[in-house]
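The values are calculated or read from the model by the stated rules, or taken from the named source; none is laboratory data. Quick caveat: nothing in here was measured; it's all calculated off a predicted structure. Reconstructed Cβ throughout: ideal geometry from the backbone, glycine too, with neighbour counts over all protein chains shown.
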C-alpha cells in the first residue's frame, strides 16, 4: 500500500499512481496479498495509525497485520503517534539483510508480544534505495523486481537519470 506523499522522506520521483500500479503488478497472482490504493486515494500525507484505524472502520472484525522489516521496526518510535500505533496494531516483523530482531528487542521497542509475530526469512539484499540507485546509473534491476514491474518502470522512464539533453 503506497502512500500519496511519504511523510518520512523526499517526494518520490514516481507518482503515487505509478507506485500503486507497481505494487499491483508485483502482487499479481499472489493469492494471499491484496494491493490497496487506500492511502493514494486519501491523498496528502498519510500516517500508518490513520490507515490502521480506517481499515478497522471499513472492515470491522477483519484482522490486519502490518508487515515491517526489522530495520523499520527499530525506528518505529520515531513514527507519527507511535505509541498509539503500537497499542492498536498487529505486526509481523521480518529480518532484513544486516538487521535481525528477537522477542526481547521488539518488546523493548514497545511492540506488544501478543500482537507481534517475528518471522525469520531468507531475504535477498534488495531495497528501494538500491533499486533507484541502479536505475539512476542505467543498470538493470531485472534480478531485483518482478519482470512486470521492471517493464513498467522502463516503459514509463521512472527513476532514470536525466539524459544530457534534459540537464539545464
Only one of 83, 110 that is touching a helix residue (DSSP H, G or I) at 6+ places or on another chain (Cβ under 6 Å), modelled with pLDDT of 95 or more and closer than 30 Å to residue 62 by Cα: 110
Evaluation of residue 149 against (1) assigned to a strand (DSSP E or B); (2) within 21 Å of residue 2 (Cα to Cα) (one fails), failing number: (1)
The stretch 19-57, residues that are within 22 Å of residue 158 (Cα to Cα), within 14 Å of the chain's Cα centre (by Cα) and in contact (Cβ under 8 Å) with a residue 40 or more places away in the chain: 21, 22, 26
Residue list for the stretch 3-26, filter: out of contact with any strand residue (DSSP E or B) (no Cβ under 9 Å at 6 or more places or on another chain), surrounded by 15 or more Cβ atoms within 10 Å (Cβ to Cβ) and in a helix (DSSP H, G or I): 18, 19, 20, 21, 22, 23, 24, 25, 26
From the options 138, 83, residue that is in a loop (DSSP other than H, G, I, E, B), without any contact (Cβ under 8 Å) to a residue 60 or more places away in the chain and more than 17 Å from the chain's Cα centre (by Cα): 138
Complete set of residues in the stretch 100-135 that are within 30 Å of residue 157 (Cβ to Cβ) and either touching a strand residue (DSSP E or B) at 6+ places or on another chain (Cβ under 9 Å) or part of a loop (DSSP other than H, G, I, E, B) (or both): 123, 124, 125, 126, 127
